[in-house]
Amino acid sequence: MEEIQKLKQELKKVNAEYAGIRDIPAEERAEFGRKINQRKQEILAKIVEAEKAALDTDAEPIDITAPTAPNEPLPELYPQNQGSLHPLMTELDRVTEIYQMMGFDVVEARQLDDEYHMFDSLNFAKEHPARDGYDTFRTEEGLIPPAHTSTMQHRVLKAYKDKLEKGENIAVVVPGRVYRNEDVDATHEHTFYQCEGVYVSCDCTMGQMLGILREFFEKYYEQKLNIRTQPGYFPFTEPSLEFMIEKPKSLGGKKGDFLEMLGCGMIHPNVLKMAGIDPTKYHGFAWGGGIDRLVMLRYGLKDVRYFESGNLNFLKEF
Ligand code: DAH
């Protein structure tokens with residue numbers, strides 16, 4: 001570097017000398033100019049050499065692509081207001097990951113559906129009182145924001161039925177947001193999340209279904225659990241069950257404290273038939289349950305309304 005500075009000083013001097021050409025007698029000017037130019041060219045060549053040599057040293061190269069000096073911390077752009085995933089979304093991801101590890105595909109539900117998928121395709125007889133049990137909202141056009149993720153069963157069965165002919169099984173879970181026109185309190189929300197499961201093969205049994213559900217809940221709560229079932233009623237399953245787990249001690253439960261986690265059962269032959277699947281050849285089971293309830297138990301939350309409250313203090317707890 002010093003060498004280059006010296007050469008540049010010299011160049012300045014030569015340029016200054018050149019300015020004196022005016023005082024040189026006319027007949028000597030050409031010779032004077034030639035000599036000065038030659039010296040100038042020599043110095044310039046030396047500068048180029050010296051600069052090249054400076055680049056060839058072993059000095060550590062600088063990564064000009066690095067955004068900052070690599071050892072300095074990055075500037076914090078938004079230190080206070082960085083957003084995060086909503087706790088229900090984080091948990092929904094955990095839920096689907098557990099099912100994916102068991103070999104299930106994930107299909108997302110839709111947020112606006114119709115009478116056919118909400119009721120007819122699920123074997124709800126026309127005018128059957130069970131339709132009222134779902135407290136459905138309706139748009140002015142007569143569409144339905146789904147009251148359960150079971151609205152997706154018919155679509156899943158139709159979309160995957162080719163697998164059965166190839167000797168494969170249908171194994172799909174459907175997470176989704178659902179809506180019910182009911183009074184809101186600490187345990188009821190008008191908007192919540194569910195996850196549906198659909199499994200069809202030529203020889204599946206209820207025992208397999210209970211095995212899958214037990215496995216899921218034990219993975220989700222990271223411990224062994226006691227489970228229990230009791231008879232239930234859903235038009236789209238026969239027989240139908242309510243699936244319960246005993247609230248674990250670690251989560252504040254006492255012995256015999258069973259909580260209903262989901263509805264399930266063997267898929268009704270009519271539901272398979274409507275999707276073009278032969279119920280004499282194939283059997284299936286399905287289940288569906290609330291995600292909010294699952295998460296509330298995991299974190300000891302007492303009020304479901306926190307989830308949709310937009311309360312930042314609550315969200316920051318996660
Ligand atoms: N859709 C039902 C509900 O929201 C739950 C349910 C019951 C889903 C039985 C199923 C099932 O897939 O087989 O109450």
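For the chain, the residue among Phe234, Tyr306, Val198 whose Cα projects farthest onto the positive side of the dipole built from Cβ charges is Val198.
For the pairs Lys6/Lys52; Lys224/Lys281; Lys255/Lys316, flag any whose C-alpha to C-alpha distance is greater than 24 Å. Exceeds cut-off: Lys224/Lys281; Lys255/Lys316. Convex hull volume per residue, computed on the Cα atoms of the chain, equals 317 Å³. Applying the Kirkwood pairwise sum to the alpha-carbon positions of the stretch 252-318 produces a hydrodynamic radius of 15.4 angstrom. Using the empirical formula 2.2 N^0.38 Å as the baseline, the Cα radius of gyration of the stretch 2-55 reaches a ratio of 1.33. Suppose a student asked you for the relative contact order of the stretch 2-55, using Cα pairs under 8 Å spaced at least 6 residues apart; what percent would you report? Contact order relative to length: 54 percent. Amide H contacts for Asp113 (H built 1.01 Å from N in the peptide plane; partners 5 or more residues away or on another chain; cut-off under 5 Å): Ile144. Enclosing the Cα atoms of the stretch 151-248 in their convex hull gives a volume equal to 140 cubic angstrom per residue. Once C-alpha pairs closer than 8 Å and six or more residues apart are averaged by separation and normalised to the residue number of the chain, the relative contact order reads 15 percent.
Between Glu31 and Ile62, the contour length at 0.36 nm per residue exceeds the Cα-Cα span by 6.5 nm.
Any read-out appearing in this document is the output of simple, stated calculations on the displayed coordinates, not a laboratory observation. Owing to the predicted nature of the structure, the values given are computational and were not obtained by experimental measurement. Cβ sites come from the backbone with ideal geometry, for glycine too, and all protein chains shown count toward neighbours.
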